[in-house]
Amino acid sequence: MNTLLPNKSRIASIDLLRGAVMIIMALDHTRDFFHNQALTGDPLDVNTTTPFLYFTRWITHLCAPTFVFLSGVSAWLQSQRKTKAALSQFLITRGLWLVFMELFIVTLGITGDIHYGFFVLQTIWSIGISMVFLGLVIWLPFSAVLAIGLIIVLGHNSLDFAEAARKGDVNLFWHFIHVPTVFPLPYWSNHMVGVFYPFLPWTGLMIVGYCFGRIFTAYDEAKRNRLVLFTGIGALLVFIILRAINMYGDPFHWSQQKDSLYTFLSFMNVTKYPPSLLYMCATLGITITFMALVKNTSSKLAKIIIVYGRVPFFYYILHFYLLHIINICCYISRGHTLAEGMKGVPGLPFKFAVPGEGYSLWVVYGIWAAVVIALYPLCKWYDNYKTNHREKWWLSYL
């Protein structure tokens with residue numbers, strides 16, 4: 001194989017894509033904190049939503065699968081400068097570190113509960129546990145690694161039929177793999193765990209991303225760009241065909257609605273928990289195609305977006321805490337006390353939140369923009385710090 005080092009513009013395009021999805025991601029979390037319907041309804045329910053609310057939620061579907069996929073791509077790129085043993089050790093240890101961060105740092109940023117009455121297992125957990133498995137499978141031949149990833153991504157929805165037959169009655173281990181759940185911690189009363197990102201599909205996606213990374217080192221720029229574009233368009237075509245057939249790839253079928261617009265919304269309403277094959281095809285089809293079509297990564301706007309893409313985990317942690325600080329201020333401004341917020345609403349795992357309270361989507365968009373802009377100087381500083389201190393091994397874990 002003729003291995004070529006990826007050029008600067010291509011790597012910049014990956015950072016640009018990662019930065020774009022990180023910015024979009026903050027919109028969904030801002031909606032969770034501040035929208036007056038965030039705790040009372042499903043923004044993707046075609047029976048109750050509006051197109052504006054639906055779009056606000058759906059556009060953020062692009063984020064998690066793209067970030068997981070690019071984590072796999074990044075692992076491949078690291079394999080070009082690390083031994084297999086070193087890469088395996090790094091993936092396993094960083095994966096375990098991310099699981100720890102999800103449980104104790106991200107959970108606090110999301111729930112605001114200093115007593116940890118509810119542990120959240122979502123994006124960072126799924127990335128962490130997927131890294132652990134990736135760190136194990138990279139020892140296999142490349143063809144075997146690719147086969148494992150594709151079998152999981154293409155085949156995991158076959159499990160839907162067995163789960164439907166059992167009406168979701170599966171054991172706890174299976175919940176961690178494929179069926180979201182909330183369960184109490186044994187021997188620790190009043191403490192719950194929410195498994196929102198069962199890891200099997202995400203692990204498959206990261207493995208496929210790792211194999212996809214080979215495109216960036218095996219081909220010249222022209223062929224690389226064609227393959228990336230072919231992959232993106234191919235994923236979109238698979239989505240359209242399978243979704244139209246309405247038989248496989250997502251546990252919930254689309255249906256005719258009151259008009260063509262809402263029928264389209266039903267068609268696009270694919271399952272994220274866990275990510276269905278059609279969810280992955282629709283979202284990654286868009287973002288991979290975007291990656292292929294990006295020609296200019298040196299514009300002023302692109303350089304700003306790239307900064308967020310170069311320090312994604314740092315940005316991810318900070319944006320939750322900043323959102324929560326703003327949320328607490330808004331909560332108190334609505335007439336509540338700090339003590340009320342700390343106590344919370346019975347049955348709701350999130351502190352400083354009351355179902356039905358909040359603001360319009362326009363206010364949500366304003367807060368989102370303010371948070372993203374406010375975090376830019378910190379992200380820029382941290383990016384420069386990492387660039388100038390490459391000898392500090394611990395920076396690779398942040």
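A short reminder: the numbers here are calculations on the coordinates, not readings from a lab. What you are looking at is a predicted structure, and each value in this text was computed from that prediction instead of being measured. Cβ sites come from the backbone with ideal geometry, for glycine too, and all protein chains shown count toward neighbours.
What is the fewest-to-most order of S143, S88 by other Cβ atoms lying within 10 Å of their Cβ? Could you put the intermediate results ahead of the total?
Details: S143 9, S88 20.
Starting with the residue having the fewest Cβ neighbours, the order is S143, S88.
Fully extended, how many nm does the chain gain between W97 and Y321 (0.36 nm per residue separation, minus their Cα-Cα distance)?
Values: separation 224, 0.36 × 224 = 80.64 nm, distance 1.92 nm.
Using 0.36 nm per residue and subtracting the Cα-Cα distance, I get 78.7 nm.
From the phi angles alone, apply the Karplus equation (6.51, -1.76, 1.60; θ = phi - 60°) to segment 54-65 and give each ³J(HN,Hα) in whole Hz, x where the residue is Gly or Pro.
4, 4, 4, 7, 5, 4, 7, 4, 5, 6, 4, x
For segment 255-267, what does the Karplus curve 6.51 cos²θ - 1.76 cosθ + 1.60, with θ = phi - 60°, yield as ³J(HN,Hα) per residue in whole Hz, taken in order and with x for Gly and Pro?
3J(HN,Hα) across segment 255-267, in whole Hz: 8, 5, 10, 5, 8, 5, 4, 6, 5, 4, 4, 5, 4.
What's the FRET efficiency of F196 with L229 using the Cβ-Cβ distance as r and R₀ = 41 Å, to the nearest 0.05?
0.80
Taking the dipole about the Cα centre of segment 8-397, with the C-beta of Lys and Arg at +1 and of Asp and Glu at -1, give me whichever of Y308, V363, F104 is farthest to the positive side.
After comparing all options, I get Y308.
Between segment 260-290 and segment 324-383, how many Å separate their Cα centres?
Measuring centre to centre over Cα atoms gives 28 Å.
Under the rule of at least 5 residues apart or a separate chain, name every residue whose amide H is placed under 5 Å from the amide H of H35.
Y359
Test of understanding: what is the full-extension gain from L398 to H253, defined as 0.36 nm times their sequence separation minus their Cα-Cα distance?
Net length gain for the segment: 48.2 nm.
List, largest first, the extents of the alpha carbons of segment 55-120 along their principal axes, each in whole Å.
Computed over the Cα atoms, the extents are 41, 34, 11 Å.
Can you run phi through the Karplus equation (6.51, -1.76, 1.60; θ = phi - 60°) for segment 243-250 and list ³J(HN,Hα) in whole Hz, with x for Gly and Pro?
Values, residue by residue: 5, 5, 5, 6, 10, 8, x, 7 Hz.
What are the residues whose amide H is under 5 Å from the amide H of F119, where those residues sit 5 or more places off or on another chain and H is modelled from the backbone?
M192, V193, G194
In which sequence would E391, E102, E357 go, from the one with the fewest C-beta neighbours within 10 Å to the one with the most?
Neighbour counts put them in this order, fewest first: E391, E357, E102.
Which cross-chain or sequence-distant (5 or more) residues have an amide H under 5 Å from the amide H of D113, H modelled 1.01 Å from N in plane?
It is K351, by chain and number.
Only one of the values [x] 61, 48, 44; [y] 92, 54, 48; [z] 65, 52, 47 was calculated from this structure for Cα extents along the principal axes in Å; name its label.
From the options [x] 61, 48, 44; [y] 92, 54, 48; [z] 65, 52, 47, the structure gives [z].
Quick one: pull the percentage of alpha-carbon pairs in segment 32-145 with a separation above 25 Å.
Result: 42 percent of Cα pairs exceed 25 Å.
Please give the contour-minus-distance gain from V345 to F183: 0.36 nm per residue of separation, less the Cα-Cα distance, rounded to one decimal in nm.
56.5 nm
Restricting to Cα pairs below 8 Å that are 6+ residues apart, what does the relative contact order work out to for the chain? Please round to a whole percent. Walk me through the intermediate numbers first.
Working: 571 pairs, mean separation 109.5, N = 398.
Value for the chain: 28 percent.
Within a 10 angstrom radius of the beta carbon, how do K167, K386 rank from fewest other beta carbons to most?
By the 10 Å Cβ count, ascending, the order reads K167, K386.
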